[in-house]
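*Asks:* Can you read through this structure? Questions will come right after.
The values are calculated or read from the model by the stated rules, or taken from the named source; none is laboratory data. Note that the structure is predicted; figures quoted are calculated from it, not measured. Cβ placement follows ideal geometry from the backbone for every residue including glycine, while neighbour counts extend to all protein chains displayed. The protein model used for the area step is the full one, side chains on, heavy atoms only, and it has no ligands, DNA or RNA in it. Shrake-Rupley method; radii C 1.70, N 1.55, O 1.52, S 1.80 Å.
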Amino acid sequence: RMQDVYKTIGRVAGSDVTVLLRGESGTGKELVASAIHHYSRRAGRPLVAVSCAAIPSTLLESDMFGHERGALTDAKERRLGKLELAHGGTLYLDEIGDMPLELQTKLLRALEERTIERPGGQDSIRVDVRVLAATNRDLEVLMKEGRFREDLYYRLNVVTVSLPSLRERRRDIPLLVEHFLAKYAAELGERGVAPEALDRLVGYDWPGNVRELVNVIQ
């Protein structure tokens, strides 16, 4: 399963095709996005991330599109949004399934027209970004419930990369344990894992996936 992921990264990195990363929380979607950007022709330009779940909907539009001075109550100066900051590079939209419907409409228009307007402004600003989107939600169910735009789904879902959960790749757990022990050796000291401890790690279901494994190793 992971070899398929690596092959897909190699196949799509060199083009500007939009990629939808799917998988449970903690499976490494952001790492895959970083790898795609790193091996793309945009590698020398910014990789800009937007968390659609962590930012309140009232602030998410300003975070993505920026604003002109005076456009908002506290807008004392012009602010560039993430779409502008990613110009020439890659925009990573994390947890796209949590984006409010109104903002989905504005995002779709921006991606199709390759221009944005800052709230409070009237000028059209050209943006050249490659989009990588990620979700742990079932977008098909959200579409049926009217909570995710079908046209945006098809705009984002050009190539899909599905990341397996850690319990689906148990044979990788000893390799990952070894990797993280080595990675944190400088700050935690040299450590080893007893065979019976490794058996328990391999047998555990890891609801938090690789992120949970990292925390346990630390």
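Rundown of residues vs (1) under 26 Å from Met2 (Cβ atoms); (2) free of Cβ contacts under 8 Å to residues at least 60 places away in the same chain, yes/no style:
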residue: Arg109; (1), (2): no, yes
residue: Glu140; (1), (2): yes, yes
residue: Gly146; (1), (2): no, yes
residue: Asn157; (1), (2): yes, no
residue: Val161; (1), (2): yes, no
residue: Leu166; (1), (2): yes, no
residue: Arg169; (1), (2): yes, no
residue: Asp172; (1), (2): yes, no
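*Asks:* May I ask you to list pairs of residues, at least six apart or on different chains, whose Cβ atoms are under 9 Å apart, with the first in the stretch 188-217 being open to solvent by 40 Å² or more (accessible area, probe 1.4 Å) and the second being of a type in the set (D, E, K, R) and in a loop (DSSP other than H, G, I, E, B)?
*Replies:* If the second residue must be of a type in the set (D, E, K, R) and in a loop (DSSP other than H, G, I, E, B), the pairs left are Pro207/Glu24.
*Asks:* Considering every residue within the stretch 79-87, establish whether at least one is farther than 29 Å from Gly44 by Cα, touching a residue at least 40 places away in the same chain (Cβ under 8 Å), touching a Gly at 6+ places or on another chain (Cβ under 8 Å) and not small (Gly, Ala, Ser).
*Replies:* no
*Asks:* Can you report the number of residues in the stretch 118-138 which are farther than 18 Å from Lys106 by Cβ, touching a Ser or Thr at 6+ places or on another chain (Cβ under 9 Å) and part of a strand (DSSP E or B)?
*Replies:* Total meeting the criteria: 2.
*Asks:* Can you tell me which condition Arg114 does not meet? The list is (1) more than 16 Å from the chain's Cα centre (by Cα); (2) closer than 30 Å to Lys7 by Cβ; (3) surrounded by fewer than 17 Cβ atoms within 10 Å (Cβ to Cβ); (4) at pLDDT 95 or above, and all the others hold.
*Replies:* Unmet condition: (4).
*Asks:* Let me ask something else about it. Hey, any hits in the stretch 158-167 for a residue that's modelled with pLDDT under 95 and buried (at least 16 other Cβ atoms within 10 Å of the Cβ)?
*Replies:* No: the stretch 158-167 contains no residue that is modelled with pLDDT under 95 and buried (at least 16 other Cβ atoms within 10 Å of the Cβ).
*Asks:* So Tyr184 clears everything in (1) open to solvent by less than 40 Å² (accessible area, probe 1.4 Å); (2) of a type outside the set (Asp, Glu); (3) within 23 Å of the chain's Cα centre (by Cα); (4) under 24 Å from Ser34 (Cα atoms) except one condition, right? Which one?
*Replies:* Unmet for Tyr184, out of (1) open to solvent by less than 40 Å² (accessible area, probe 1.4 Å); (2) of a type outside the set (Asp, Glu); (3) within 23 Å of the chain's Cα centre (by Cα); (4) under 24 Å from Ser34 (Cα atoms): (3).
*Asks:* Next up: From Asp94, Asp138, grab the single residue that is open to solvent by 60 Å² or more (accessible area, probe 1.4 Å), modelled with pLDDT of 95 or more and in contact with a helix residue (DSSP H, G or I) (Cβ under 9 Å, 6 or more places away or on another chain).
*Replies:* Asp138
*Asks:* Of everything in the stretch 149-198, what is small (Gly, Ala, Ser) and more than 29 Å from Thr135 (Cα to Cα)? Give them in sequence order.
*Replies:* Scanning the stretch 149-198 gives Ala182, Ala185, Ala186, Gly189, Gly192, Ala194, Ala197.
*Asks:* Related question: Looking only at the stretch 12-47, how many residues end up being in contact (Cβ under 8 Å) with a residue 60 or more places away in the chain and either of a type outside the set (Ser, Thr, Tyr) or touching a helix residue (DSSP H, G or I) at 6+ places or on another chain (Cβ under 8 Å) (or both)?
*Replies:* Total meeting the criteria: 21.
*Asks:* Consider Pro174 carefully, then state whether it is open to solvent by less than 20 Å² (accessible area, probe 1.4 Å) and either modelled with pLDDT of 95 or more or hydroxyl-bearing (Ser, Thr, Tyr) (or both).
*Replies:* no
*Asks:* Against the conditions (1) farther than 14 Å from Pro164 by Cα; (2) surrounded by 13 or more Cβ atoms within 10 Å (Cβ to Cβ), where does Gly23 fall short? Just the number, please.
*Replies:* (1)
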